[in-house]
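To start, the structure itself, in structure tokens.
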Amino acid sequence: QVQLVESGGGTVQAGGSLRLSCAASGNIFSIGAMTWYRQAPGKQREFVAAITSGGGTNYADSVKGRFTLSRDNSKNAMYLPMNSLKPEDTAVYYCNAYITTRPGRSAYPYWGQGTQVTVFA
């Protein structure tokens, strides 16, 4: 079994900061790309940021310069410090990771349960 657990969500005033974490546990052989998505009320889930196993990153235009994604492969975890938060960043943030459980098997996408981020003006 593999689990992804997000943490670090909360409620902050606009301009404030939060740091999200996502940790994978269980029967893990390797982890490929790890990605953050978010879903605001009444909207579709959208891409926020992604990081490859080698540390290459990609960001949505809406968060570039404010969010910085990193990962610690030794801990099977990734971290998303979010600065200069805006009310439009309010959403449930979900962690996604492509995980291989055994050598020779294909990677499978796993999802966390989500963590709420609320930014008030």
List the pairs whose first member sits in the range 1-23 and is within 13 Å of Gln116 (Cα to Cα) and open to solvent by less than 60 Å² (accessible area, probe 1.4 Å), whose second member is of a type in the set (Lys, Arg) and at pLDDT below 95, and whose Cβ atoms are under 6 Å apart, counting only residues at least 6 apart or on separate chains?
-> none
Look through the range 44-55, keep the residues that are in contact (Cβ under 8 Å) with a residue 12 or more places away in the chain and in a loop (DSSP other than H, G, I, E, B), and return whichever of them is nearest to Phe120 (Cα to Cα).
-> Arg45
Any chance the range 56-77 includes a residue that's within 18 Å of Ala107 (Cβ to Cβ), of a type in the set (Gly, Ala, Ser), without any contact (Cβ under 8 Å) to a residue 40 or more places away in the chain and not in a strand (DSSP E or B)?
-> yes
The range 104-121: number of residues that are open to solvent by 30 Å² or more (accessible area, probe 1.4 Å) and either closer than 21 Å to Gly42 by Cα or out of contact with any Gly (no Cβ under 7 Å at 6 or more places or on another chain) (or both) = 12
The range 110-121, residues that are within 13 Å of the chain's Cα centre (by Cα) and assigned to a strand (DSSP E or B) | Tyr110, Trp111, Thr115, Gln116, Val117
In the range 69-109, what residues are charged (D, E, K, R), within 17 Å of Ala24 (Cα to Cα) and more than 14 Å from the chain's Cα centre (by Cα)?
-> Lys75, Arg102
Residues (open to solvent by 40 Å² or more (accessible area, probe 1.4 Å) and within 13 Å of the chain's Cα centre (by Cα)) located in the range 34-54 | Tyr37, Gln39, Arg45, Glu46, Phe47, Thr52
Filter the range 55-103 down to residues that are basic (Lys, Arg) and open to solvent by 40 Å² or more (accessible area, probe 1.4 Å) and give me whichever is nearest to Gly9 (Cα to Cα).
-> Lys86
If you go through the range 80-105, how many residues are closer than 20 Å to Gly32 by Cβ, part of a loop (DSSP other than H, G, I, E, B) and hydroxyl-bearing (Ser, Thr, Tyr)?
-> 1
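The values are calculated or read from the model by the stated rules, or taken from the named source; none is laboratory data. These figures come from a predicted structure and were not determined experimentally. Neighbour counts are summed over all protein chains in view; Cβ atoms, including those assigned to glycine, are modelled from backbone coordinates with ideal geometry. To get the accessible areas, we keep the full protein, side chains included, count just its heavy atoms, and leave off ligands, DNA and RNA. Shrake-Rupley method; radii C 1.70, N 1.55, O 1.52, S 1.80 Å.
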